[in-house]
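The values are calculated or read from the model by the stated rules, or taken from the named source; none is laboratory data. The structure displayed is predicted, hence computed values, not measured ones. Virtual Cβ from ideal backbone geometry, glycine too; neighbours counted across all protein chains shown.
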Amino acid sequence: MDIFYLLHSGIMATVLTKGVSWLTYKGVCIEHMNNLGCRLMNYLELFLLSSRININVMQSILCSVNSTVGRSWEISARVLSCGFSACLLIGAIQSLFITPLFNMWLVHDRFFCSPDPLWDKSLVMFARVHNTLFCQGLIQACVTVILNLTMIPIFRRIRYALQCVILIQSSKCEVFDSLNGIYRRLRRFRRRARITMWHTTTLAILRIFRSIMHFYAHQPVYSPRKETQVEDKCVWIVYLQAYVDLFTLAEFILISWHIGWFLLWSRDVRRWCITSFAKLFCNNRDLLGLLAYSLQNCRPDVRPFDQLSVRSKHEREMETFTILRGLTEEIPAKCGLQATRWLMKRNDLPFVLSVIRTRFQRIMEEDREKSAKNRVPRGSLKSVSTHWYL
């Protein structure tokens, strides 16, 4: 639907009518040819606008339903196809209500394709209000914003759950393998829901302003005697219509960004982008390292204990050194020696403690080598120096 909207509103209704004129060519405006072209083009525009905002609401509803951690379930293709068909059907019905009222008529020396004022005033007002609320999507946009606001505390709980899971992970236990599966599923859901939430919220905000501006822009058309800031009312109408086109342009940019984001999920497209990026910046190691780190964090198949290894080596070792330094300052040497022996014997430690145990083993080996030369007591935590992390 986004691609069809770009083809219709971006090329047929914008480039052919307004963009071609900048190239010293005569523009082609299909909706100003006759009444049939007026009704057909407006029906297509209203159908695409209404269907897209309905699909936007459906995405928010599905994301909200699938947001509970204990009830997380995969949405089947049948449910998605039924929801998509319902959105298209509702959009077609909403657009069909007011399309027969559209006609070509002249106002302030300019042709307009909109509900004909020769109809009853109440019918014309109904068409304008219906267009603003349902076709332009003011109501659907407000519903989307409310649904996404209710998702914020759920996102916070999922973030806390991920932090708890990543602290008790291990790779040699069935329980921890199950936790890793839960971690990957929650992380994948959070990433998809975040993309859906940003896309739907941004589109909803644009639609709220666009629908209000669209209603206000047509006010001088149906109130010809109303005073305006510009004496030439035709110029004033075009000026107001430019604001509607500005929000339409912002929607084009949002659609292009969303399509480009999902194209990057393709491995071939992502590889081509990385190659082009490397050639553009002359294979700069720092930039390529930062890009590799970002891509690693976006991978859904990375296990939580593998994700920790992506972090900076010096950063992890400095954290371990801080823990060891705190131990040496707080506990006596005898208790520290017993704690060291306990760590050396345990084989079912979580990943964070296993990293500390590995550091202890290396420190103990270094102390044994030094004690053979300098007669330093072996195994004492007081002999831990600050050079081990370099």
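Out of curiosity, is residue 254 at pLDDT 85 or above and out of contact with any helix residue (DSSP H, G or I) (no Cβ under 8 Å at 6 or more places or on another chain)?
No.
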Would you say residue 50 is more than 34 Å from the chain's Cα centre (by Cα) and assigned by TED's automatic domain parsing to the domain that holds residue 194? no
Mind checking whether some residue in segment 158-170 is β-branched (Val, Ile, Thr), in a helix (DSSP H, G or I) and modelled with pLDDT of 80 or more? no
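Conditions (1) in contact (Cβ under 8 Å) with a residue 24 or more places away in the chain; (2) touching a His at 6+ places or on another chain (Cβ under 7 Å); (3) closer than 26 Å to residue 6 by Cβ, marked per residue:
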{"site": "32", "(1), (2), (3)": "yes, no, yes"}
{"site": "50", "(1), (2), (3)": "yes, no, yes"}
{"site": "58", "(1), (2), (3)": "yes, no, yes"}
{"site": "64", "(1), (2), (3)": "yes, no, no"}
{"site": "78", "(1), (2), (3)": "no, no, no"}
{"site": "82", "(1), (2), (3)": "no, no, yes"}
Being loosely packed, with under 15 Cβ neighbours inside 10 Å and either modelled with pLDDT of 80 or more or part of a helix (DSSP H, G or I) (or both) narrows 13, 92 down to just 92
Given the structure, is residue 243 modelled with pLDDT of 85 or more, in the same structural domain as residue 66 (by TED's automatic domain parsing), surrounded by fewer than 17 Cβ atoms within 10 Å (Cβ to Cβ) and out of contact with any Cys (no Cβ under 8 Å at 6 or more places or on another chain)? yes
Does segment 104-119 contain at least one residue that is assigned by TED's automatic domain parsing to the domain that holds residue 40 and part of a helix (DSSP H, G or I)? no
Restricting to segment 98-147, name every residue that is exposed (fewer than 15 other Cβ atoms within 10 Å of the Cβ) and on the phi > 0 side of the Ramachandran plot. 109
Could you check segment 1-26 and list, in sequence order, the residues that are touching a residue at least 60 places away in the same chain (Cβ under 8 Å) and among the β-branched types (Val, Ile, Thr)? 3, 14
